[in-house]
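K.L.:
Below you will find the structure I want to go over with you.
The values are calculated or read from the model by the stated rules, or taken from the named source; none is laboratory data. Quick caveat: nothing in here was measured; it's all calculated off a predicted structure. Don't worry about glycine lacking a Cβ; one is built from the backbone with ideal geometry, like all the others, and counts go over all protein chains shown. Side chains are part of the model used for accessible areas, which takes the heavy atoms of the whole protein and leaves out ligands, DNA and RNA. Shrake-Rupley method; radii C 1.70, N 1.55, O 1.52, S 1.80 Å.
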Amino acid sequence: MLLPKGGVSWKAARASLPPTRAIWVLLTKTRFLLLLALTGTVILLWRGISSSAPQMKSFYCWGPNKPPSEMSQNEQAAWNAHHHTPVIFNHHAPLIVNESTIDHVDLNPIKSTTKAVQNEERVLILTPLKDAAPYLSKYFELVAELTYPHHLIDLGFLVGDSTDDTLAVLSAELNRLQKRPDKFRSAMIVEKDFGFKLSQSVEERHSFEAQGPRRKAMGKARNYLLTTALKPEHSWVYWRDVDIVDSPEKILEDFIAHDRDVLVPNIWFHRYENGKDIEGRFDYNSWVESDKGRALQKKLDKDVVLAEGYKQYDTGRTYMARMGDWRNNKDEEIELDGIGGVNILVKADVHRSGINFPCYAFENQAETEGFAKMAKRAGYGVYGLPNYVVWHIDTEEKGGNV
């Protein structure tokens, strides 16, 4: 194309363009606008399809490529399994309780296991006391030597009907004990008088006539102490008399390892006569029932409380005190029907289930022997260790009083 000789001027170029009015008329024509809209729609659809094509490859349909009428039962089950939309129901919104007078206690985690130390299971040591001032120093000497972690042990005492200085001596000993680096987790003193005034002399305390009232009163004292001191966090309850003079330092670990509901040791005493050490058998309340004893109970009034070792009632029972030897295997077990109260380890849930110390005649037994019978009636196991000996003071009992 040949340009003019003098070049292209703006006026000449403007003159060759269509008039502005003609262009505006063209752009506002309906046909042009429809064409423009259609072209834009086609371009948008094309871009959308081309961009989603790779993603479509990740989708697929469940089930076989056949109509439902031709599917097997398994194929239909597989097909229908993907038709259900998961639905989560929440009928109970969380409830927030801010009332300070409401406590929540969860006993489900509280167990009594053979791994008590590893699980940090709490032990409650309970000791009823009456006119016990002379024995407390030795008692705390032995308790302080226990190897079970002291921070897992709580102590509980009931002082009742005492005529001596038991409460003051007890308080002083506890105050001294709890100042030690290895002090116990806590200590509780309970005061409760029951109006039982039996003398603490050997002759009167261990006479046959005193046994029924004495055992009932002791059962009541144990129950008051138990219900006051037992807390939800306790896994084990260890009943320990104040007048023990020697016992193994690992007695708690030894007993826990047996995993029994109720477990007692054999109770002996030392008596020194003519330069000789006589090993005496003390606790005749741990026994195995006999046919003679069962027959006797059928004849007795239901309110009679039997007591072992007295000629008034011959039960023919087998006494653990006459079995065993501390030199033999200390882990040997026997099943018992009655137990003494000098030293008892109980799984706390046994007590929580309502097994306590009858302060009345339960199957013609009271206190610890009634406790053993009640535990067995409830399906718990009651066992003794004839070769595991705990040493009691010598009460200098005479023949006939065992």
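K.L.:
Does any residue in the stretch 300-322 that is touching a residue at least 24 places away in the same chain (Cβ under 8 Å) come within less than 7 Å, Cβ to Cβ, of a residue that is assigned to a loop (DSSP other than H, G, I, E, B) and of a type in the set (K, R) six or more places away or on a different chain, and which pairs are these?
P.N.:
Note: pairs meeting the criteria are E308/R317.
K.L.:
If you don't mind, there's one more thing I want to ask. Please give the number of the condition E249 fails out of (1) over 17 Å from A321 (Cα atoms); (2) open to solvent by less than 70 Å² (accessible area, probe 1.4 Å); (3) assigned to a loop (DSSP other than H, G, I, E, B).
P.N.:
(2)
K.L.:
Kindly indicate whether any position in the stretch 129-146 is within 21 Å of G341 (Cα to Cα) and either in contact with a Cys (Cβ under 6 Å, 6 or more places away or on another chain) or in a strand (DSSP E or B) (or both).
P.N.:
Within the stretch 129-146, one or more residues are within 21 Å of G341 (Cα to Cα) and either in contact with a Cys (Cβ under 6 Å, 6 or more places away or on another chain) or in a strand (DSSP E or B) (or both).
K.L.:
Within the stretch 129-142, identify whether any single residue is without any contact (Cβ under 8 Å) to a residue 40 or more places away in the chain, under 30 Å from the mean Cα position of the chain (by Cα) and closer than 25 Å to L230 by Cβ, and answer yes or no.
P.N.:
Yes: the stretch 129-142 contains one or more residues that are without any contact (Cβ under 8 Å) to a residue 40 or more places away in the chain, under 30 Å from the mean Cα position of the chain (by Cα) and closer than 25 Å to L230 by Cβ.
K.L.:
When both residues are 6+ apart or on different chains and their Cβ atoms are under 7 Å apart, which pairs have a first residue that lies in the stretch 275-297 and is closer than 24 Å to V264 by Cα, and a second that is open to solvent by 40 Å² or more (accessible area, probe 1.4 Å) and among the charged types (D, E, K, R)?
P.N.:
Close Cβ pairs (under 7 Å, with a partner that is open to solvent by 40 Å² or more (accessible area, probe 1.4 Å) and among the charged types (D, E, K, R)) amount to I278/R271; G280/R271; G280/D394; R281/R322.
K.L.:
For the stretch 209-246, enumerate the residues that are among the aliphatic types (A, V, I, L, M), open to solvent by 40 Å² or more (accessible area, probe 1.4 Å) and part of a helix (DSSP H, G or I).
P.N.:
Within the stretch 209-246, M218 is the sole residue that qualifies.
K.L.:
Does E203 satisfy being more than 30 Å from the chain's Cα centre (by Cα) and modelled with pLDDT under 95?
P.N.:
The answer is yes for E203.
K.L.:
List the residue pairs whose Cβ atoms are under 6 Å apart, where the first residue sits in the stretch 353-369 and is closer than 14 Å to L226 by Cα, the second is part of a loop (DSSP other than H, G, I, E, B) and β-branched (V, I, T), and the two are 6 or more positions apart or on different chains.
P.N.:
Matching pairs, first to second residue: T368/I339.
K.L.:
Additional query: Take residues that are farther than 25 Å from I125 by Cβ, among the hydrophobic types (A, V, I, L, M, F, W, C) and open to solvent by 20 Å² or more (accessible area, probe 1.4 Å) and tell me which of the helices (runs of 4 or more DSSP H) falling wholly in the stretch 273-391 contain 2 or more.
P.N.:
291-299
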